[in-house]
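Chemist: The following block contains the structure, expressed as structure tokens.
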Amino acid sequence: MASRPLTLYEKIWAAHVVERRDDGTCLIYIDRHLVHEVTSPQAFAGLRAAGRKVRRPDLTLAVPDHNLPTTARLDAAGKRLPIADAESAAQLDALERNTAEFGVDYIDAIAPEQGIVHVVGPEQGFTQPGTTLVCGDSHTSAHGALGALAFGIGTSEVEHVLATQTLLLSQSKTMEVRVDGTLGFGVSPKDVILAIIGKIGAAGGTGHVIEYTGKVIRAMSIEGRLTIANMSIEAGARAGLVAPDEKTFAYLKGRPMAPKGADWDKAVAWWKTLPSDAGAVYDKVVMLDASEIAPSLTWGTSPEDVVPITGVVPDPDSFADPAKREAARKSLDYMGLTPGTAMQDVPVGHVFIGSCTNSRIEDLRAAASVANGRHVAEGVRALVVPGSGLVKRQAEAEGLDRIFLDAGFEWREPGCSMCLAMNPDKVPPGERCASTSNRNFVGRQGPGARTHLVSPAMAAAAAVTGRLSDVRDLMRGAMS
Amino acid sequence: MKPITQVSGRAYPWGAKNIDTDVIIPAHWLKTVTREGLGKGAFDTVRAQPGNIFDDPAYAGSPILIAGDNFGCGSSREHAAWALADMGIVAVIAPSYSDIFSGNAFKNGIIPVVLPQEAVDRLIEVAKTDPITIDLETMTVTTPYQDRFSFELDAFRRQCLMEGLDEIGLTLARDTVISKYESGVSEHRPWMSGERAYAGTVVESAGRT
Ligand code: SF4
């Protein structure tokens, strides 16, 4: 029997069906489970109340990130500094106690490997091609960059996975997002994903798992792919995938939790069978031409509100859909922007370089190359928050910390930080921030905060000019 | 979870429409570490108003809440279901719910009963003075005045509620197939397990972060 050509998603799905039920839903095996402090305490409490165990502690990895302050964690004597916010401290404490009680591996707050779950997973080799990976966090989609079927889950599901290592799921539809051509000067992976979300909309991927394909994605580093897959959820998709290739294997080889020895060879052989077959059919296909993508940013309060940096604040009346018109009006009111204003004339008071979207070493290098020899503009507060302790150490080994500090940026400890303002890093009400994070929702970076999503280089450009700026102007300047 | 076959008692005759999860439990309660105790924060903004239904001694401790269309819309926070459960609510009656909320309600032993608006209006009238009864066996809501409204419920979810089975319990009952799957994986993809995840090692080679 000749088998039908399959997509990467269908192959991973098929390899994880434990049992198919009559109504078509499947019990799906979960290979990897990342846990953090915010969405897990009630799950562990549920296990405790029912007298249940964690089925596979060896497939579970916990790390604190959301609540941790990004200030120094140890005092001069090497003692751990207390966390001022009592509720944050209680959540962090609970994670530490729960992981100890249930025998789950735990990277603690002062370990050199601590960082944002979605940075730590790939970095440790915990994330692998062809695996199913979940975490109680919507940006789990990031791990799809390595060819893992990765998605966020709620607390009851966290408990379900802890207890059973499975989830009851129905299969999603598939969507191919193909980016062909060559990226222009100064255009980064962040601009590519912003352009994709701008094109398909914040609900464009609903019910689908996206697979990113095409020349641009193939040419992109794993770091860049992580940025793209990370924001799949902002396009409404359940997950985002990139087929594993030689770049993926090279990235994973030798990482602490990656397969070793003979296992490595077996793993690579299997990983090579995963990419979508020629002729595989997706439920939806979207094409983008890279040459049409400029350095981009958001103007409103939805990640689909994207314009090129050379553009202007749109007029709400220019939208055909009445609901969108109304939403745009509300957004502009919240953002304090007037239609027709050139994006480059908008001043910023805050810059945040960090989050699971853009806090890896390549992101910091890109930002540092713009910051180098320049200085943060008067009145701007600019934070650089590495995604993990390892990224931080690497950056310091390359001297990036000096570049940032000399330029007047703050150089902080790893964590989610100003991405969601659960820890003390917040944008004050009514103030404006150029941010490399993934959500520009109302109040996301603090009550009343106004967020413009940008790439790391664009964020650095905004920091040194004090306004939203076309990074290409600064890059050209640096080269001449 | 406790098996539920019947809920009988007073009901909050509220009927408000589009109650979002922020109204059910405000965002600052997300920093809690337990499912319990959230009842204190439930309907905070409603309770700030004098004479509100939730602080009326006539309804204190009612196991049933009667609400309007689109109950539980907004964020996916499961805290909304936890807060209701902590208040002692075992069933909600409304014309419709957000998908995520009704999923979360089931998972936490709360019955989201769907009835047409006329039935809901009638029940609000009755609930002001008398108890009402929800029966999962017959799938009806009844009152002391011979009212009888039938509702529907997903068969699997109904079974879970009536037998007190939570989804985890049900999946654990499939332990043999899960174990069988796991042995298949050890055979065909041996690298998937074995490697004890975090051993406190760091990536040493330069440029590898
Ligand atoms: S960095 Fe932001 S988006 Fe990423 S896990 Fe943390 S809070 Fe979520």
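The values are calculated or read from the model by the stated rules, or taken from the named source; none is laboratory data. What you see is a predicted model; the values in this text were computed from it and never measured. Please note: Cβ atoms are built from the backbone with ideal geometry, for glycine as well, and neighbour counts cover all protein chains shown. Remember, those area values only see protein heavy atoms, side chains included, never the ligands or the DNA or RNA. Shrake-Rupley method; radii C 1.70, N 1.55, O 1.52, S 1.80 Å.
Chemist: For chains B and A, what's the summed buried accessible area, probe 1.4 Å, to the nearest 100 square angstrom? Intermediate results must be reported in sequence, preceding the final value.
Modeler: Numbers: alone 12050 and 18350 Å², together 25650 Å².
That pair hides around 4800 Å² of surface in total.
Chemist: At a Förster distance of 25 Å, what's the computed FRET efficiency of A:K215 paired with A:R4, Cβ-Cβ distance as r, to 0.05? All intermediate terms of the calculation are to be shown ahead of the outcome.
Modeler: Details: r = 26 Å, r/R0 = 1.05.
Efficiency, from the Cβ-Cβ distance: 0.45.
Chemist: Ranked from highest to lowest mean number of other Cβ atoms within 10 Å per residue, what is the order of the peptides B:58-65, A:142-149, A:311-318?
Modeler: Details: B:58-65: 18.8, A:142-149: 30.4, A:311-318: 15.4.
Most protected by this proxy first, the peptides run A:142-149, B:58-65, A:311-318.
Chemist: Could you calculate the contour length gain from A:W264 to A:A320, that is, 0.36 nm times the residue separation minus the distance between their Cα atoms, to one decimal place in nm?
Modeler: Values: separation 56, 0.36 × 56 = 20.16 nm, distance 5.35 nm.
Result for the pair: 14.8 nm of gain on full extension.
Chemist: Shape of the stretch A:166-217 from its Cα gyration tensor (a ≥ b ≥ c, root eigenvalues): rounded if a/c is under 1.5, otherwise prolate when a/b > b/c, or oblate?
Modeler: Working: a/c = 2.76, a/b = 2.13, b/c = 1.29.
Cα axes put the stretch A:166-217 in the prolate bin.
Chemist: Here is a follow-up. Report, by chain and number, residues whose modeled amide H sits under 5 Å from the one on A:L241, excluding near sequence neighbours (fewer than 5 apart, same chain).
Modeler: Correct list: A:I210, A:E211, A:Y212.
Chemist: So for each of B:87-96, A:45-54, A:295-304 I average, over its residues, the number of other beta carbons within 10 Å; can you give me the resulting order with the highest mean first? All intermediate terms of the calculation are to be shown ahead of the outcome.
Modeler: Values: B:87-96: 21.9, A:45-54: 15.1, A:295-304: 24.1.
In decreasing order of mean packing, B:87-96, A:45-54, A:295-304 become A:295-304, B:87-96, A:45-54.
Chemist: Something else about it: Which far-off residues, 5 or more places away or on another chain, put their amide H under 5 Å from the one on A:G311, with H placed in the peptide plane?
Modeler: Here the answer is A:M343, since their amide H atoms fall under 5 Å of that of A:G311.
Chemist: Show me, for the stretch A:381-391, the HN-Hα J-couplings you get by feeding each phi into the Karplus relation (A = 6.51, B = -1.76, C = 1.60, θ = phi - 60°), rounded to Hz, glycine and proline as x.
Modeler: Per-residue couplings from phi come out as 9, 10, 10, 10, 10, x, x, 7, x, 6, 4 Hz.
Chemist: Suppose R0 equals 35 Å. What FRET efficiency, 1/(1 + (r/R0)^6) with r the Cβ-Cβ distance, do A:T71 and B:V185 give to the nearest 0.05?
Modeler: Numbers: r = 43 Å, r/R0 = 1.23.
After rounding, the FRET efficiency stands at 0.25.
Chemist: Provide the per residue accessible area, probe 1.4 Å, for the protein assembly as shown, rounded to a whole number of square angstrom.
Modeler: Working: 25650 Å² over 689 residues.
For the protein assembly as shown, the per-residue accessible area is 37 Å².
Chemist: Separate question: Mind listing the phi-derived Karplus ³J(HN,Hα) values for the stretch A:346-359, rounded to whole Hz, using 6.51, -1.76 and 1.60 with θ = phi - 60°, and x for any glycine or proline?
Modeler: 8, x, 10, x, 9, 9, 10, 10, x, 5, 5, 7, 9, 9
Chemist: What is the mean number of Cβ atoms from other protein chains located within 10 Å of the Cβ atom of each residue in peptide A:98-111, rounded to a whole number? Display every interim value, and only then the final one.
Modeler: On the way: counts 1, 0, 0, 0, 0, 0, 2, 5, 2, 3, 0, 0, 0, 3.
Per residue, the number of nearby Cβ atoms from other chains is 1 on average.
Chemist: Among bridges DSSP assigns within the protein assembly as shown, what percent are antiparallel (round to 5)? Please report the intermediate quantities before stating the final value.
Modeler: On the way: 24 of 76 bridges.
Bridges in the protein assembly as shown are about 30 percent antiparallel.
Chemist: What figure in square angstrom, to the nearest 10, would you give for the accessible area of A:K266 with a 1.4 Å probe?
Modeler: Rounded to the nearest 10, that gives 100 Å².
Chemist: Applying the Karplus parametrisation 6.51 cos²θ - 1.76 cosθ + 1.60 with θ = phi - 60° to the phi angles of the stretch B:104-111, what ³J(HN,Hα) value in whole Hz is obtained for each residue in order, glycine and proline being reported as x?
Modeler: 3J(HN,Hα) across the stretch B:104-111, in whole Hz: 5, 4, 3, 4, 10, x, 10, 8.
Chemist: Label the stretch B:82-183 by shape, choosing from rounded, prolate and oblate, from the square roots a ≥ b ≥ c of the eigenvalues of the Cα gyration tensor; if a/c is under 1.5 it is rounded, and otherwise prolate applies when a/b is larger than b/c, oblate when it is not.
Modeler: Details: a/c = 2.75, a/b = 2.39, b/c = 1.15.
Prolate.
Chemist: In the stretch A:281-301, which residues have a backbone nitrogen under 20 Å from the label point lying 7 Å from A:D180's Cα in the Cα-to-Cβ direction?
Modeler: Of the residues in the stretch A:281-301, A:281-294 have backbone N under 20 Å from the label point off A:D180.
Chemist: Could I ask something else about it? To the nearest 10 square angstrom, how much accessible area does B:R174 have with a 1.4 angstrom probe?
Modeler: Result for B:R174: roughly 100 Å² accessible.
Chemist: Sorting B:T140, A:T310 by accessible area (1.4 Å probe), largest first, what list results?
Modeler: Details: B:T140 5, A:T310 90 Å².
Most to least solvent-accessible, the answer reads A:T310, B:T140.
Chemist: Between B:T138 and A:L405, take the C-beta separation as r, use R0 = 51 Å, and let me know the FRET efficiency to the nearest 0.05.
Modeler: On the way: r = 71 Å, r/R0 = 1.40.
The pair B:T138/A:L405 has a calculated efficiency of 0.10.
Chemist: Still on this structure, please answer the following. How large, in percent, is the carbon and sulfur part of the accessible surface of the protein assembly as shown at a probe radius of 1.4 Å?
Modeler: Working: 13670 of 25650 Å².
The value for the protein assembly as shown is 53 percent carbon and sulfur by accessible area.
Chemist: For peptide A:22-33, compute the average count of partner chain beta-carbon atoms within 10 Å of each residue's beta-carbon. Don't jump to the answer; show the numbers that get you there.
Modeler: On the way: counts 1, 3, 0, 1, 0, 6, 1, 6, 0, 4, 2, 1.
That average works out to 2.
Chemist: Looking at chain B, send over the antiparallel percent of its DSSP beta bridges, to the nearest 5. Working shown, then result.
Modeler: Numbers: 10 of 22 bridges.
For chain B, the DSSP antiparallel bridge percentage is about 45.
Chemist: Also, I was wondering about something else. Note every residue of the stretch B:89-110 with a reduction of at least 10 square angstrom in accessible area, all protein chains present versus the isolated chain, computed with a 1.4 Å probe, or write none.
Modeler: Flagged in the stretch B:89-110: B:K107.
Chemist: Are there any residues in the stretch A:349-390 with a reduction of at least 30 Å² in accessible surface when going from the isolated chain to the assembly of protein chains? Probe 1.4 Å, please list them by number.
Modeler: Residues shielded by partner chains are A:L390.
Chemist: Also: Using only Cα atoms, what Kirkwood radius does the protein assembly as shown have, in angstroms?
Modeler: Numbers: mean 1/r = 0.0379 Å⁻¹.
Kirkwood radius, the protein assembly as shown: 26.4 Å.
Chemist: Still on this model: In the stretch A:155-170, what residues drop by 50 Å² or more in accessible surface going from the chain by itself to the full protein assembly, probe 1.4 Å?
Modeler: Flagged in the stretch A:155-170: A:S156, A:H160.
Chemist: Under a 10 Å cutoff between Cα atoms, tell me which one of B:H188, B:H79, B:H28 has the largest fluctuation in the Gaussian network model of chain B.
Modeler: Sorting by GNM fluctuation, first place goes to B:H188.
Chemist: Give me a single rounded figure for B:186-192: the average over its residues of other chain Cβ atoms within 10 Å of their Cβ. Working shown, then result.
Modeler: Values: counts 0, 0, 3, 10, 5, 13, 12.
That works out to 6 on average.
Chemist: So, one more: Could you sort B:W29, B:W82 by accessible area so the largest value comes first, with the probe set to 1.4 Å?
Modeler: B:W29, B:W82
Chemist: Run the reach check for A:K215 against lysines, Cα to Cα strictly under 24 Å, same-chain hits fewer than 8 apart removed. What comes back?
Modeler: Leaving aside lysines fewer than 8 places away in the same chain, those within reach of A:K215 are A:K11, A:K173, A:K190, A:K199, A:K247, A:K253, A:K272, A:K284.
Chemist: Going by average Cβ neighbours within 10 Å, how do the peptides A:123-130, A:427-434 rank, with the highest at the top?
Modeler: Values: A:123-130: 26.0, A:427-434: 20.0.
Going by the mean number of other Cβ atoms within 10 Å, highest first, we get A:123-130, A:427-434.
Chemist: Accessible surface of A:E410 in the full protein assembly, 1.4 angstrom probe, to the nearest 10 Å²?
Modeler: 60 Å²
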